[in-house]
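Read the structure below first, then the notes.
The values are calculated or read from the model by the stated rules, or taken from the named source; none is laboratory data. Predicted model only: the values in this text are computed from it and were never measured. FYI the Cβ positions are ideal-geometry reconstructions off the backbone, even for glycines, and counts take in every protein chain you see. Only protein heavy atoms, including side chains, enter the accessible area calculation; ligands, DNA and RNA are left aside. Shrake-Rupley method; radii C 1.70, N 1.55, O 1.52, S 1.80 Å.
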Amino acid sequence: EAQVTQNPRYLITVTGKKLTVTCSQNMNHEYMSWYRQDPGLGLRQIYYSMNVEVTDKGDVPEGYKVSRKEKRNFPLILESPSPNQTSLYFCASSLTAGTQYFGPGTRLTVL
Amino acid sequence: EDQVTQSPEALRLQEGESSSLNCSYTVSGLRGLFWYRQDPGKGPEFLFTLYSAGEEKEKERLKATLTKKESFLHITAPKPEDSATYLCAVPDKSDYKLSFGAGTTVTVRA
């Protein structure tokens, strides 16, 4: 089954404790992306990757890091999480930017 | 900066009561407009892509249309299972950055 998986699905952590949210796709897509979704603000793009070793900033990259060492994986790293990064995070993959397949989401709470 | 605005924010419909959602955009050189459906607690699901003014796409009770300034998502004779948040999005010139509207939450009562 074609899918995008994210782990963990739920995470509660404390300020400053480094964390990684994993994302994996099995559709051989070159393009992958991370979004955060907040009430009233909608989906905002954090980072995207056009291919292995090629990444670029989206609209809200501050406080986040990404890496793309393999085509199927695109982890999101929060080196020092803060409460304003409490949000619902989605990973997506696609052949082009518009027709994206989204993962199930990771709900992150930073205390 | 590209802007995508959706209206209304919320729409409550009776089963069978047709209505339309609006997505207006300000982007130079439209490179496609995309509609997604999002169910509570789930990731958005792709519905349609529209590329040129006058284009229409249909899927079951949904029909998306595009003009030079906006897109409409028409819901004909909706059923409770059509309840969801509908999102529209446009890519920037690079085709790699996607800007989403805030969405319209549709609730269909039986």
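For B:Ser83, nonlocal amide neighbours, meaning residues 5 or more places apart or on other chains whose placed amide H falls under 5 Å from its own, are B:Val108. Across the stretch A:10-16, computed HN-Hα scalar couplings (Karplus, 6.51 cos²θ - 1.76 cosθ + 1.60, θ = phi - 60°) run 9, 8, 10, 9, 10, 3, x Hz from first to last residue, x flagging Gly and Pro. Highest mean packing comes first when the peptides B:53-61, B:97-105, A:35-43 are listed by Cβ atoms within 10 Å, giving B:97-105, A:35-43, B:53-61.
With a 1.4 angstrom probe, the accessible area lost at the B-A interface totals about 1500 Å². In units of the compact-protein estimate 2.2 N^0.38 Å, the stretch A:50-111 shows a Cα radius of gyration of 1.18.
Normalising by residue count, the protein assembly as shown has a Cα convex hull of 118 Å³ per residue.
Over all other residues within a Cβ to Cβ distance under 13 Å of A:Thr86, the charged ones net out to +1, with Lys and Arg as +1 and Asp and Glu as -1. If each Cα of chain A is one equal point scatterer, what is log10 of I(q)/I(0) from the Debye formula at q = 0.16, 0.18, 0.20, 0.22 Å⁻¹? Taking Cα atoms of chain A as identical point scatterers yields -0.64, -0.82, -1.01, -1.22. Compute the Cα gyration tensor for the stretch A:1-60, then decide on rounded, prolate or oblate, letting a ≥ b ≥ c be the square roots of its eigenvalues: rounded whenever a/c is under 1.5, prolate when a/b is larger than b/c in the other cases, and oblate in all that remain. Prolate shape, in that a/c is at least 1.5 and a/b is the bigger ratio.
The stretch B:3-96: D in µm²/s via Stokes-Einstein (Kirkwood Rh, Cα pairs, 4 °C, 1.567 mPa s)? Walk me through the intermediate numbers first.
Numbers: Rh = 13.7 Å.
For these conditions, the coefficient is 95 µm²/s.
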